[in-house]
Every structure is written in structure tokens, then in C-alpha cells.
1. Quickly run through region B:67-94 and pick out the residues that are closer than 17 Å to B:Thr7 by Cβ and in contact (Cβ under 8 Å) with a residue 60 or more places away in the chain.
2. Can you tell me how many residues in region B:50-91 are in contact with a Phe, Trp or Tyr (Cβ under 8 Å, 6 or more places away or on another chain) and over 22 Å from B:Pro25 (Cβ atoms)?
3. Would you mind listing the strands (runs of 3 or more DSSP E) fully within region A:9-52 where at least 1 residues are more than 14 Å from chain B (Cβ to nearest Cβ), on the phi < 0 side of the Ramachandran plot and surrounded by 19 or more Cβ atoms within 10 Å (Cβ to Cβ)?
4. Of all residues in region A:61-86, which are in a loop (DSSP other than H, G, I, E, B) and either of a type in the set (Gly, Ala, Ser) or closer than 23 Å to A:Val13 by Cα (or both)?
5. Select from region B:22-60 the residues that are within 18 Å of B:Gln6 (Cβ to Cβ), within 12 Å of another protein chain (Cβ to nearest Cβ) and of a type in the set (D, E, K, R) and write down the one among them that is surrounded by the most Cβ atoms within 10 Å (Cβ to Cβ).
6. Here is a list: A:Leu89, A:Leu105. Which entry is closer than 30 Å to B:Ile54 by Cβ and either of a type outside the set (Ser, Thr, Tyr) or assigned to a loop (DSSP other than H, G, I, E, B) (or both)?
Amino acid sequence: AQRVTQPEKLLSVFKGAPVELKCNYSYSGSPELFWYVQYSRQRLQLLLRHISRESIKGFTADLNKGETSFHLKKPFAQEEDSAMYYCALSYSGTYKYIFGTGTRLKVLA
Amino acid sequence: EPEVTQTPSHQVTQMGQEVILRCVPISNHLYFYWYRQILGQKVEFLVSFYNNEISEKSEIFDDQFSVERPDGSNFTLKIRSTKLEDSAMYFCASSGGHSGNTIYFGEGSWLTVV
């Protein structure tokens with residue numbers, strides 16, 4: 001069955017430090033991967049999708065099919081990056097997303 | 001920028017009562033969804049809706065749940081007889097049109113069943 005794993009519930013880093021939020025997936029075909037961010041009391045917002053290969057707010061993510069990973073990275077964390085981050089998977093034949101359990105990122109001053 | 005809007009933002013209801021959660025998807029979108037997030041747990045897919053019918057549903061979406069698009073703009077989730085375990089944040093979402101299959105979420109409706 002398709003699954004998304006985010007092993008860290010909470011990640012605390014200091015401002016200016018590099019950040020890596022881990023995401024692994026299980027799906028035998030060609031998935032589409034997304035990162036969503038949820039700031040306090042706000043909606044889930046699309047941060048990145050692997051197809052677009054763009055950098056948003058300094059975040060990047062590369063799909064590694066060999067390791068079935070889609071880790072989210074940022075070289076220098078900022079306080080305003082503090083939020084919940086969800087990795088999500090979509091796949092052929094469906095329009096739904098399967099979400100990971102989320103990682104709360106806390107960037108400390 | 002167009003957004004998915006949901007009402008109410010918070011509803012408290014007694015166990016056994018019926019609840020209707022309302023959503024206005026983004027206007028040119030074709031696919032509509034409901035997701036649920038129980039406090040402290042992950043976001044779970046409930047149902048997708050396309051061309052005026054359910055296209056996919058999860059095992060959570062049992063007979064007590066139903067969805068409807070009563071007019072050209074609203075998309076509703078009805079829970080017929082609420083249970084304590086239905087307490088959760090319910091997210092409406094939509095996709096399609098120019099956004100492709102990227103899903104855009106509403107702010108959620110927090111349902112508390114007492």
C-alpha cells in the first residue's frame with residue numbers, strides 16, 4: 001500500500017542553521033510528491049511539488065527514487081519558517097493525496 | 001488569489017446530531033475533496049468528488065457520511081449521526097482547471113462532538 005513516512009515529529013534548529021525535514025514514501029510506480037506547510041492557525045499551503053523543481057522561500061526538495069525519499073531542505077533557517085510541514089504523495093489513477101504525519105519545525109532565535 | 005472557503009470555522013454538536021459542513025471550492029476547479037485531521041494525527045483522505053459523483057472514498061467514509069454539490073458553487077459534507085470520534089478538523093479542498101492536480105485546501109472546520 002502507498003505510504004508516506006515522516007520520521008520526526010519535532011525538529012528544533014537555531015536560526016541560520018541548515019534544515020532537513022525527512023520524507024520517505026512507498027510506492028512502486030512513479031509518484032508525484034508534494035510538501036505542504038501549515039503555519040499556526042492557517043490552512044495547508046502548497047510549498048513545493050517535485051515536478052516543478054523550484055525553490056520556494058529558500059526550500060528545495062529532490063525526489064530520490066532509489067532511496068524513495070523527498071527530503072525538504074533549506075540552508076539557513078529563519079524564525080518565520082516555524083510551522084508544521086507535511087509531505088504528500090499522489091500517484092497514477094487517483095487524484096487524492098496520501099499525507100505523512102507531519103513534522104513540526106521550530107526555529108529558535 | 002482565489003481560495004477555498006469553509007463554514008463554519010468551528011462547530012460544537014451533541015452526539016447523535018446531524019452536521020453539515022460547507023465549502024466553496026475555487027471556481028474553475030473540477031475535483032473536490034474532504035480530508036479529516038483528528039487532533040495530533042495525520043491528515044486523512046475521506047472522499048473525492050468529480051462530475052457530480054463520488055470518484056473515490058476511503059474506508060473512513062462510511063454510511064454516516066455523504067457529500068453533495070447542491071448548486072454550482074457549494075460542496076457539502078454531511079455527517080448523519082455524529083459520534084465522539086468524529087471530532088476533528090475537516091478540510092475541504094479542490095483541484096483541476098489551471099492548477100492541474102495540485103490540491104488547494106480551505107482553512108478547515110473544527111468539529112467538536114460532545
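1. Across region B:67-94, the qualifying residues are B:Lys78, B:Ile79, B:Tyr90, B:Phe91, B:Cys92, B:Ala93, B:Ser94.
2. 1
3. Hits in region A:9-52: A:19-21.
4. Within region A:61-86, the first condition is being in a loop (DSSP other than H, G, I, E, B), and the residues that meet it are A:62-63, A:65-68, A:70-71, A:75-78, A:82.
Residues satisfying the conditions are A:Asp62, A:Gly66, A:Phe70, A:His71, A:Pro75, A:Phe76, A:Ala77, A:Gln78, A:Ser82.
5. Here the answer is B:Arg36.
6. Numbers: A:Leu105 fails: closer than 30 Å to B:Ile54 by Cβ.
Selected residue: A:Leu89, the only one of A:Leu89, A:Leu105 that is closer than 30 Å to B:Ile54 by Cβ and either of a type outside the set (Ser, Thr, Tyr) or assigned to a loop (DSSP other than H, G, I, E, B) (or both).
Here's the yes/no breakdown for (1) under 21 Å from B:Ile38 (Cα atoms); (2) in contact with a Ser or Thr (Cβ under 8 Å, 6 or more places away or on another chain):
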| residue | (1), (2) |
| --- | --- |
| A:Leu47 | no, no |
| A:Gly66 | no, no |
| A:Ser69 | no, no |
| A:Ala77 | no, no |
| A:Tyr85 | yes, yes |
| A:Leu89 | yes, no |
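Each row is one residue, and each column tells you yes or no for (1) away from chain A (no Cβ under 14 Å); (2) modelled with pLDDT of 95 or more; (3) under 22 Å from A:Arg41 (Cβ atoms).
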residue	(1), (2), (3)
B:Phe65	yes, yes, no
B:Lys78	yes, yes, no
B:Glu85	yes, yes, no
B:Gly96	no, no, no
B:Thr102	no, no, no
B:Leu111	yes, yes, yes
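The values are calculated or read from the model by the stated rules, or taken from the named source; none is laboratory data. All figures in this text were calculated on a predicted structure; none of them were measured in a lab. Cβ: placed from backbone, ideal geometry, glycine included. Neighbour counts: every protein chain shown.
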